[in-house]
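Undergrad: One structure coming up, written as structure tokens, with questions to follow.
The values are calculated or read from the model by the stated rules, or taken from the named source; none is laboratory data. The structure presented is a predicted model; accordingly, all values stated were derived computationally and were not measured. Here the Cβ positions follow ideal geometry from the backbone for every residue, glycine too, while neighbour counts run over all protein chains shown. We work out accessible area using only protein heavy atoms, side chains counted, and drop any ligands, DNA or RNA first. Shrake-Rupley method; radii C 1.70, N 1.55, O 1.52, S 1.80 Å.
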Amino acid sequence: MRTKGSHGDPRTARRNRLGSPAEALLRLGFDTRLATFTRAGSYDDAVDEFDVVIVGAGFAGMYMLHRVRGLGMTARLFETAGGVGGTWYWNRYPGARCDVESMQYSYQFSDELQHDWDWTERYATQPEILAYANHVADRFDLWRDMQFDTRVEGASWDDATARWVVSTDPGGECSARFLIMATGCLSCANTPDFPGRDSFRGATYHTGRWPHEGVDFTGLRVGVIGTGSSAIQSIPIIATQAAQLTVFQRTASYSVPAANRLLTADEVREVKEDYAGFRAFNSLMPTAIGSKLPIPEDSALALPTEERDRVFEQRWVEGGLPFLGAFIDLLFSPEANDTAAEFVRGKIREIVDDPRVAELLSPKTVIGCKRLCVDTGYFATFNRPNVELVDVSETPITEITPNGLRVAEREFELDAIVYATGFDAMTGALLTIDVRGRDGRSLRDAWAAGPRTYLGLGTVGFPNFFTISGPGSPSVLTNMIVSIEQHVEWIADCIEYLSENGFDRIEATQDAQDAWVDHVNAIADFTLFPSCNSWYLGANVPGKPRVFMPLLGFPPYVEKCNEVAAKGYEGFALAGSSAS
Ligand code: N01
């Protein structure tokens, strides 16, 4: 049975609110220890001990908590937000929806869950995904071990006790054998530090920190900075409300139509009749995202132009990310890639009336090098009389002023500025926490030249410390929920193995980590990904080391993780007082 909109349920809302009376929490079924924490909005001065501390209540943290509890272990999950959902809690901007199809972008660990839940659209909206996250938390009774409105500030490894000491704000301390970071890849908002940023007298928003009550732009002069996925989803909707919308574009983005629609009862039934088979097929894809379109075998260069364009046209009409799967070499050969890029540029020229605007909107870089965007009416929005595109590639935004913003000599008067400027991706959220491993070494220092991990799961110098979908794993190049489940299950099995075999610590070895980082880089160098400035490389954040962070190729990665586990966690050093 589906619990529709359970996040709006007052019962759930009460549960999420910190600071409610401990007695009320007890009546609602929370354990006494949580009641002690929440009465004061933080821990008492006592140090509490858990088997596992998890940071983050997105899809990674929630499933990790469920698995850890299944091992009979004690756990506490800390979350900065006021509820579950991670990126889907924060990204409430108009038009926010997932670019992976809803029947795929969901958990598969529970057959009952995937059969009971009904997605309504091909691509789920943010509210529907958030309702699903709340349903999962209800269904698996996760709330009692989660503490919201609580930021983890620091975590230090104590080698003598083989435990992590974790400090939080509101202030408190607890310790755990294992520290698991489920902090998300796109959760640390990036707001460029323009001169005069705080002087603006109008309203300022960031797409990744959108107000819960929503924003009505009716009749306002609105400026949107950025033209990535978030901007491309929100601009068509903001344009219908605003009196005037000005879009400040530094780099044009490739975007393909979403072709979103309601799911039919027949197609849902077809998937549910063999959900396991559907999942298994999808997980064989390099991105763990399946499509009904044929799996490519040809090079884009093997076909005459007309035939090749027919294939692109079919994918354009079908919509979505599988556009990039039209041919086998689109992400490897610059010549092949340019055929797809030129096809999309041709579409932009067809859709946009003003040739000067069409030219500005046409990306010149490799398609897919930055995350491909998926839109509903984005390019056509620039045909509206109330929408202006301003190129800030050559002449950047000079300053934010009290009345708007200035680009060189021209001042744009605005009532609201929307920063659609993305995230400090993959490492941002991890490094805002002061994590200190063996000998007090900080993660910030260890990763000063870019993140270094073994399998994206462990890091030298940081025992009993796991990252879910961390840098060096396929993560953002895949269907995130599939990647998350694979990581969570691997970590849970590993913790169980350690406990059963009397080990009290595990840490990646230097040799294994060095070899893994080389492997990730070698794969990236084999692709076209390093050829442009993307958040995959950290290039969107000034001063961030330029390192390609995710690993391309989900199936071989899973095979490697399984092999490592089968060989007694090869590449990790295991130790323990009672190990034989
Ligand atoms: O962020 P982005 P996003 N001056 O980094 C511009 C996922 N996601 O939030 O390209 C001017 O892509 C920046 O310009 P440039 C998805 O994985 C998914 O849109 O750096 N402009 C760029 O145009 C996605 O890739 C979904 O030159 C500045 C924009 O801001 C990821 O999240 C929906 C600037 C940032 O684009 C991030 O998407 C939304 C400056 N100083 C997001 N600084 C779906 O599932 C930055 N920019 C559909």
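Undergrad: List the residues, sorted by chain then number, that are 5 or more residues from residue 405 or on another chain and whose placed amide H is less than 5 Å from its amide H.
TA: Distant-sequence amide H within range of residue 405: 412, 414.
Undergrad: Accessible area, 1.4 Å probe, largest first: how do 212, 66 sort?
TA: Greatest to least solvent exposure: 212, 66.
Undergrad: Check each of the trypsin sites (Lys or Arg not before Pro) in the range 198-298 and keep only those in coil by DSSP with at most 12 other C-beta atoms within 10 angstrom; list them in order.
TA: For trypsin sites (Lys or Arg not before Pro) across the range 198-298 that sit outside H, G, I, E and B with at most 12 neighbouring Cβ atoms in 10 Å, the list reads 201, 261, 292.
Undergrad: Rounded to the nearest 10 degrees, what's the angle between the helix 334-351 long axis and the longest principal axis of the chain, both from Cα atoms, 0 to 90?
TA: Helix 334-351 and the main axis of the chain meet at about 60 degrees.
Undergrad: Determine, for each peptide in 90-97, 49-56, the mean count of other beta carbons within 10 angstrom over its residues, then list the peptides with the highest first.
TA: Averaged packing, sorted descending, gives the order 49-56, 90-97.
Undergrad: Return the carbon/sulfur percentage of the accessible area of the range 219-361, one whole number, probe 1.4 Å, all protein chains in place.
TA: Its accessible area is 57 percent carbon and sulfur atoms.
Undergrad: Scan around residue 191 for amide H atoms under 5 Å from its own, H built in the peptide plane at 1.01 Å from N, and keep only partners 5 or more places away or cross-chain.
TA: It is none; the list stays empty.
Undergrad: If you average the sequence gap of Cα pairs under 8 Å that are 6 or more apart and divide by the length of the range 278-407, what percent do you get for the contact order?
TA: With pairs under 8 Å counted, the relative contact order is 17 percent.
Undergrad: Using a Cα-Cα cut-off of under 22 Å, which lysines could be cross-linked to residue 544, ignoring same-chain neighbours fewer than 8 residues away?
TA: 370
Undergrad: Cβ neighbours within 10 Å, averaged per peptide: list 569-576, 174-181 in order, most packed at the top.
TA: Put in order of decreasing packing, that is 174-181, 569-576.
Undergrad: Let me ask something additional. Please report the antiparallel percentage of the DSSP beta bridges confined to the range 389-486, to the nearest 5. Before the final figure, lay out each step's value.
TA: Details: 11 of 12 bridges.
Looking only at bridges with both residues in the range 389-486, the antiparallel portion is about 90 percent.
Undergrad: Please tell me the relative contact order of the chain in percent, rounded to the nearest whole number, where contacts are Cα pairs under 8 Å and at least six residues apart. All intermediate terms of the calculation are to be shown ahead of the outcome.
TA: Values: 1155 pairs, mean separation 102.0, N = 580.
Rounded, it is 18 percent for the chain.
Undergrad: Reachable lysines from residue 272, Cα under 20 Å, same-chain residues fewer than 8 places away excluded?
TA: Counting by Cα, and skipping residues close in sequence, residue 272 has these lysines nearby: 4, 292.
Undergrad: Kindly point out, ordered by number, any Cys in the chain whose beta-carbon has no other cysteine beta-carbon under 4.7 Å away.
TA: Isolated Cys, the chain: 98, 174, 185, 188, 373, 494, 561.
Undergrad: Once neighbouring chains are kept in place and the probe is 1.4 Å, which whole percent of the accessible area of the range 84-195 is contributed by carbon and sulfur?
TA: Here it works out to 46 percent.
Undergrad: May I pose another question? Using the heavy atoms of the protein chains alone and a 1.4 angstrom probe, what is the accessible area of the chain per residue in square angstrom? Write out the running numbers ahead of the final one.
TA: On the way: 23240 Å² over 580 residues.
The answer is 40 Å² per residue.
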